[in-house]
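The values are calculated or read from the model by the stated rules, or taken from the named source; none is laboratory data. Predicted, not measured: the structure shown is a model, and the values here were computed from it. Note: ideal-geometry Cβ built from the backbone for every residue, glycine included; neighbour counts use all protein chains shown. The accessibility values were calculated without ligands, DNA or RNA, using every heavy atom of the protein model including side chains. Shrake-Rupley method; radii C 1.70, N 1.55, O 1.52, S 1.80 Å.
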Amino acid sequence: MSIETTSPDVSDGSSPPPAAAIKPMRVWPAVVLIVAFWAVRALPQFVDMTISSQFFTSFIPALLLCLLFSIWWLTGRGIRLADRFIGFAALVCGCWLAVRFSDPSIGLFTVLIYAVPIGFTIWTAWLLLGGKRSATVRKWGAVLAMLPIWILFGLLRMDGLDGELHADMHWRWTPSAEERYKAELARKDAEKKTNPQPVETPASPLVFRPGDWSGLRGPDRNGEVHGVQIATDWEKSPPKQIWRAKIGPAWSSFVVIGDRLFTQEQRDKNEAVDCLDAATGREIWVHEDKDRYWDSQGGAGPRGTPVFDGGRIYSLGATGILNCLDAATGELKWTRKIADDAKTTVPMWGYSGSPLVVGDLVIVYAGGGDKGLAAYHATNGEPAWTAPTGTLGYSSPQLVSIGGENQVLSFDDSGVIAVDPATGAVRWRHDAPSHGWRAVQPHLFGDRQVLFGSEDLGLVLVGLTKAEQAWTATQRWTTKNLKPAYNDFVVLDGSIYGFDGGIFCCVDAKTGERHWKGGHYGHGQVLLLTDQRLLLVLSETGEVVLLAANPQKLEELGKFQALEGKTWNNPAIAHGRLYVRNDQEMACYQLMPNDEARMTKE
């Protein structure tokens, strides 16, 4: 495929000698590059790929396209060398202008991944359609053909990516969910100034009672719900919405203590810990820190979930602000900056772990190496001990009892370590180094086995043995049949239920063999209702799905749309009610009759 350019016929002796004919311009290399690029970009639609693989099929091909297309244009024939440099300079300037004057969410990375490939495609199409037009027309026509792309991306705003790395694009002049919430907060603040209300003090001290939900994935951080019997025929008795309200961006879950509900959110330039009325969603108190974290994939706001213990709320913000608050009033008892204490930097996607309270110590993952796991005295926030870890992780410390001995597990880019919760002394470790992220909670399986997993590892089962006070971890099996990215799994009767990428599946906990795979719920979360052998899945699109915990097949019992928008937050169940939220809204649903729910409180 080529485009020929001929010199004008000059026969008049007074005219200058004819210029040398410009050799035909070969467009076929550009066509091959464009076709190959879009073929690779389409692979995730047809092939089951991990998030890491999808990222590389977007980023690396875009980089190669930019490099190879530029080489072709600058070294090709058919257009003068000076004109080729002018066209290339126009391309670079167009990219710079698109980044410089676009919305802050549209950075160079977004332009590179999305805008430049589209622009190159239009450029190539123009060269093909231009045929035997003059070199000037081909050159400037290609540049002008890309102008609408630069203008378009200057008019857009990107509100993050979903679990499959699809961009959520909107016109930049339309208000975002966070901006609408900000306006609502301003209205409420104005009402408070004209009609101030005192902070409500509970009639009795806040204490943990059966049926409460004290932190991330429940009291034991294993996603298991006990003592709850719900209706399973959702066609006849669907969950009833109790309330619904807007909330600021965050990937936090809930704490439910009696009639109080706690969570975290972003309020413009402030990170906030909220206390709400569990029955209505009405605000009771708010603690704010002047801090804001944002990344292009997850957006703004905290990532961790607060924890309740001894009448206090402990929260960890995205930049590492560790707070201790009075659960009844929101009064700040003490605060620390864990990144400063560990002498490290904030992780790429912010601190995403939740504090763990063991006895009179609050334990957090700070990362960075030598002081990666840190314990603080719960009473005053003074440092108690530190333990060495890997450099990067998004999982939370997990308390387990192995062979009758309490140990705290930490999972990050170096593998898994177990430490003495009282001293931080390392009891054992299982090395599994990686450059990827580790975000899933380790899970105790049996008395002396631990399950953990990530996209790069799949699932791993290690067994623990003790000889002369020394623990040894030995790998039992590993499998790629379930590769959890940032979605925790649950275990029941020797079967593991969780997300392999964006698809729900079940594998055998004794062998790692897959039983089934087929629940297309995106990158959601799951809870296990052990009494009824049920799985409650909150999908990435905000749909709640009820499944039977059946190792033989995927068995859906019911579903309903609980939220709108991208939902990565863990759900919570307390006293017969389901609490769900995402980065825009939160809602409460009744799962069991009011009289039965009241009995669980009592």
How about the stretch 221-241: which of its residues are open to solvent by 60 Å² or more (accessible area, probe 1.4 Å) and under 18 Å from Leu261 (Cα atoms)?
Gln241
If I filter the stretch 401-412 down to residues being open to solvent by 10 Å² or more (accessible area, probe 1.4 Å) and of a type in the set (Gly, Ala, Ser), which single residue comes out as nearest to Lys466 (Cα to Cα)?
Gly403
Are there any strands (runs of 3 or more DSSP E) wholly within the stretch 345-400 with 1 or more residues that are open to solvent by 60 Å² or more (accessible area, probe 1.4 Å) and more than 19 Å from Ser252 (Cβ to Cβ), and if so which?
373-377, 383-387
For Thr335, state whether it is on the phi < 0 side of the Ramachandran plot, open to solvent by 10 Å² or more (accessible area, probe 1.4 Å) and assigned to a loop (DSSP other than H, G, I, E, B).
no
Give the residues of the stretch 53-69 that are at pLDDT below 85 and open to solvent by 70 Å² or more (accessible area, probe 1.4 Å), sorted by residue number.
Phe55, Phe56
Can we say Gly298 is buried (at least 20 other Cβ atoms within 10 Å of the Cβ) and either modelled with pLDDT under 95 or of a type in the set (D, E, K, R) (or both)?
yes
Could you check the stretch 85-110 and list, in sequence order, the residues that are among the charged types (D, E, K, R) and either without any contact (Cβ under 8 Å) to a residue 24 or more places away in the chain or within 21 Å of Leu63 (Cβ to Cβ) (or both)?
Arg100
May I ask you to list pairs of residues, at least six apart or on different chains, whose Cβ atoms are under 8 Å apart, with the first in the stretch 140-163 being within 11 Å of Gly94 (Cβ to Cβ) and the second being polar (S, T, N, Q) and open to solvent by less than 20 Å² (accessible area, probe 1.4 Å)?
Phe153/Ser102; Phe153/Thr110; Gly154/Ser102
For residues that are open to solvent by less than 10 Å² (accessible area, probe 1.4 Å) and within 19 Å of Ala167 (Cβ to Cβ), scanning just the stretch 117-142, find the one that is modelled with the highest pLDDT.
Pro117
Can you confirm whether Val32 is open to solvent by 70 Å² or more (accessible area, probe 1.4 Å), modelled with pLDDT of 85 or more and either under 28 Å from Val92 (Cα atoms) or not in a helix (DSSP H, G or I) (or both)?
yes
Filtered residues of the stretch 43-57 (kept if under 20 Å from the mean Cα position of the chain (by Cα) and farther than 18 Å from Gly522 by Cβ)
Phe56, Thr57
For residues in the stretch 263-295 being in contact with a Phe, Trp or Tyr (Cβ under 7 Å, 6 or more places away or on another chain) and touching a residue at least 60 places away in the same chain (Cβ under 8 Å), which is farthest from Leu578 (Cα to Cα)?
Thr263
Taking Thr600 as the residue in question, decide whether it is modelled with pLDDT under 95 and more than 25 Å from Asp162 (Cβ to Cβ).
yes
Could we say that Thr50 is open to solvent by less than 50 Å² (accessible area, probe 1.4 Å) and out of contact with any helix residue (DSSP H, G or I) (no Cβ under 7 Å at 6 or more places or on another chain) here?
yes
Looking at the stretch 210-221, can you tell me whether even one residue there is part of a loop (DSSP other than H, G, I, E, B) and of a type in the set (Ser, Thr, Tyr)?
yes
In the stretch 82-105, is there at least one residue being of a type outside the set (Asp, Glu), touching a strand residue (DSSP E or B) at 6+ places or on another chain (Cβ under 6 Å), closer than 30 Å to Phe499 by Cα and at pLDDT 85 or above?
yes
What tally of residues in the stretch 246-265 results from selecting those that are part of a strand (DSSP E or B) and either open to solvent by 30 Å² or more (accessible area, probe 1.4 Å) or touching a helix residue (DSSP H, G or I) at 6+ places or on another chain (Cβ under 6 Å) (or both)?
1
Selection count, the stretch 407-422, where residues are in a strand (DSSP E or B) and more than 30 Å from the chain's Cα centre (by Cα)
0
Sort out which residues of the stretch 301-317 are within 15 Å of Ser352 (Cβ to Cβ) and open to solvent by less than 10 Å² (accessible area, probe 1.4 Å), and write them in order of number.
Gly301, Pro302, Gly304, Thr305, Pro306, Ser315, Leu316, Gly317
Filter the stretch 178-218 down to the residues that are open to solvent by 30 Å² or more (accessible area, probe 1.4 Å) and aliphatic (A, V, I, L, M), then identify the one that is farthest from Gly330 (Cα to Cα).
Ala183
Of the conditions (1) modelled with pLDDT under 95; (2) open to solvent by 10 Å² or more (accessible area, probe 1.4 Å); (3) of a type outside the set (Phe, Trp, Tyr); (4) assigned to a loop (DSSP other than H, G, I, E, B), Arg438 satisfies every one except a single condition; which number is it?
(2)
Scan the stretch 448-457 and give yes if some residue there is under 22 Å from the mean Cα position of the chain (by Cα), in a strand (DSSP E or B) and of a type in the set (S, T, N, Q), otherwise no.
yes
Within the stretch 486-498, is there a residue that is polar (S, T, N, Q), under 22 Å from Met49 (Cα atoms) and at pLDDT 95 or above?
no
